[in-house]
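The values are calculated or read from the model by the stated rules, or taken from the named source; none is laboratory data. None of the values given here were measured: they were computed from a predicted structure. Quick reminder, even Gly has a Cβ in these numbers, built from the backbone with ideal geometry, and neighbours come from all protein chains shown. For the accessible areas, the whole protein counts, side chains as well, though only heavy atoms, and no ligand, DNA or RNA atoms are used. Shrake-Rupley method; radii C 1.70, N 1.55, O 1.52, S 1.80 Å.
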Amino acid sequence: MTTPVPAESFARSVARSTELEAEIARAPQRFRVLTGDRPTGPLHLGHLFGTLTNRVRLQQAGVEVLVLVADYQVITDRDDLGDLPATIDGLLLDQLAAGLDPDRTTFFRHSAVPALNQLMLPFLSLVSVAELQRNPTVKTETEATGSRPMSGLMLTYPVHQAADILSVGGNLVPVGRDQLPHLELTRTIARRFTQRYGPVFAEPEALLSSAPLLLGTDGTKMSKSRGNAIALLDDADRTAALLRRATTDAERTISYEADRRPEVASLVLLGALCRGESPETFADGIGNRGAAALKAAVTEAVNEHLRPMRRRRAELAADPGAAREVLARGEARATELADATLDRVRTAMGMA
Ligand code: TRP
């Protein structure tokens, strides 16, 4: 795998994120978080421990959180949107079940906020094609599509992401390492807009989240399309079935050694995250009872941890209008913010 961000700037972002965490604890009201997902399928345990838990944590800390459903971004690497309305409903239910509170967190779709998308035009004028072509994450994502030629949207979606963040005034963006180049571009766009037209935008900052690396049950990258992921909506039996055929190794003593035993280590980590204990403690609890005992323990830990979320998800799903209603409320708020931003942009540019 390529590493899109040089070690030095990564280290700087890590250090800055530590400062930001202290500031969040001191003055959460200073921050507005913008984050989001492409609605391509149900959320799984990788999302739960990678991003959802962090979103809930920020919300509980008193930070304003906006969560984008990046529907226009689905077609960066595919032609088919799938059953988009159903996918979006599911995405909302997953997040509400995980603890995001629609009274405190704003959910909205790209397609429902016209002013956001309109910002794309002036923003595109602030970046060069060469700059966009250098984006390491876009390069990696394009390679992952195989022989598919790069579309104009694939090349420019980081600019669209700048519009996502800046339209609603997000000043803090939780990201993994791969998204850092996009946030850097957002900052560049904000800065250049200021230089050319005057101050409308502040430069948002990256909050690096140390997402634990959970592999799929076959030991490769966790992804619903590979059939190796436990989705939040899966029931206890399907969870057990998936874990029963998880890849392990022949050593009877269970240990947490991510480099030497990646598959076993990932299962140990999953069990530990669910139980809120260290991977070493979880591994010691299995000792020399082998892979079958490990799988049984992980299954129990996952099902135990997900039980309240699954119950809540089922309750919410019983009301088919619930997700739509949450979106409608969020989109009214996002539209208000983005309309005001676009007004200020057009005024600064001398258009209005
Ligand atoms: N590109 C992100 C992903 O694939 C989703 C996304 C779209 C996003 N716009 C964003 C994330 C703005 C953070 C900020 O998951």
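Points to keep in mind about this one:
- Identification of helices (runs of 4 or more DSSP H) wholly contained in region 208-323 with 2 or more residues that are in contact (Cβ under 8 Å) with a residue 60 or more places away in the chain yields 236-244, 262-275, 290-317.
- Matching residues in region 146-171 - criterion: being within 11 Å of the ligand (Cβ to nearest atom) and either modelled with pLDDT under 95 or among the small types (Gly, Ala, Ser) (or both): Ala162, Ala163, Ser167, Gly170
- Thr51 being within 15 Å of the ligand (Cβ to nearest atom), open to solvent by 50 Å² or more (accessible area, probe 1.4 Å) and either in contact (Cβ under 8 Å) with a residue 60 or more places away in the chain or assigned to a helix (DSSP H, G or I) (or both): yes
- From the list Thr281, Thr299, the one residue that fits, being open to solvent by 60 Å² or more (accessible area, probe 1.4 Å), hydroxyl-bearing (Ser, Thr, Tyr) and within 24 Å of Gly50 (Cβ to Cβ), is Thr281.
- Matching option when the condition is among the basic types (Lys, Arg), surrounded by fewer than 22 Cβ atoms within 10 Å (Cβ to Cβ), assigned to a helix (DSSP H, G or I) and touching a residue at least 12 places away in the same chain (Cβ under 8 Å), among Arg187, Arg148: Arg187
- The residue pairs whose first member lies in region 32-43 and is charged (D, E, K, R), whose second member is more than 10 Å from the ligand (Cβ to nearest atom), and whose beta carbons are closer than 7 Å, counting only pairs six or more residues apart or on different chains, are Arg32/Glu64; Arg32/Gly169; Arg32/Asn171; Arg32/Leu172; Asp37/Leu91.
- Residue check: Asp89 meets all listed conditions (1) within 15 Å of the ligand (Cβ to nearest atom); (2) open to solvent by 20 Å² or more (accessible area, probe 1.4 Å) but one, namely (1).
- Among (1) within 14 Å of the ligand (Cβ to nearest atom); (2) more than 20 Å from the chain's Cα centre (by Cα) - the single one Pro204 does not satisfy: (2)
- Qualifying position, being surrounded by fewer than 21 Cβ atoms within 10 Å (Cβ to Cβ) and either within 30 Å of Val127 (Cβ to Cβ) or under 27 Å from the mean Cα position of the chain (by Cα) (or both), among Thr220, Thr253: Thr220
- Subset of region 5-48 that is open to solvent by 30 Å² or more (accessible area, probe 1.4 Å) and within 16 Å of the ligand (Cβ to nearest atom) - its residue that is nearest to Gly170 (Cα to Cα): Arg32
- Filter result for Ala322 (under 20 Å from Gly90 (Cα atoms), of a type in the set (A, V, I, L, M) and open to solvent by less than 30 Å² (accessible area, probe 1.4 Å)): yes
- Thr137, sole failed condition from (1) modelled with pLDDT of 95 or more; (2) touching a Leu at 6+ places or on another chain (Cβ under 9 Å); (3) not charged (D, E, K, R): (1)
Quick grid of which residues meet (1) part of a helix (DSSP H, G or I); (2) open to solvent by 10 Å² or more (accessible area, probe 1.4 Å); (3) touching a Lys or Arg at 6+ places or on another chain (Cβ under 6 Å):
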{"residue": "Asp103", "(1), (2), (3)": "no, yes, no"}
{"residue": "Phe107", "(1), (2), (3)": "no, no, no"}
{"residue": "Ser111", "(1), (2), (3)": "yes, yes, no"}
{"residue": "Leu116", "(1), (2), (3)": "yes, no, no"}
{"residue": "Leu121", "(1), (2), (3)": "yes, yes, no"}
{"residue": "Leu126", "(1), (2), (3)": "no, no, yes"}
{"residue": "Glu131", "(1), (2), (3)": "yes, yes, no"}
{"residue": "Thr137", "(1), (2), (3)": "yes, no, no"}
{"residue": "Glu141", "(1), (2), (3)": "yes, yes, no"}
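- Qualifying positions in region 115-130 - in contact (Cβ under 8 Å) with a residue 40 or more places away in the chain and more than 14 Å from the ligand (Cβ to nearest atom): Ala115, Gln118, Pro122, Leu126, Val127
- Filtering Glu203, Glu143 for residues that are free of Cβ contacts under 8 Å to residues at least 40 places away in the same chain and within 27 Å of Glu23 (Cβ to Cβ) leaves a single hit, Glu203.
- The set of residues from region 192-202 being closer than 16 Å to His182 by Cβ and open to solvent by 70 Å² or more (accessible area, probe 1.4 Å) comprises just one member, Arg192.
- For Gly330, the conditions (1) in contact with a strand residue (DSSP E or B) (Cβ under 9 Å, 6 or more places away or on another chain); (2) under 18 Å from Pro42 (Cβ atoms); (3) not charged (D, E, K, R) are fulfilled apart from (2).
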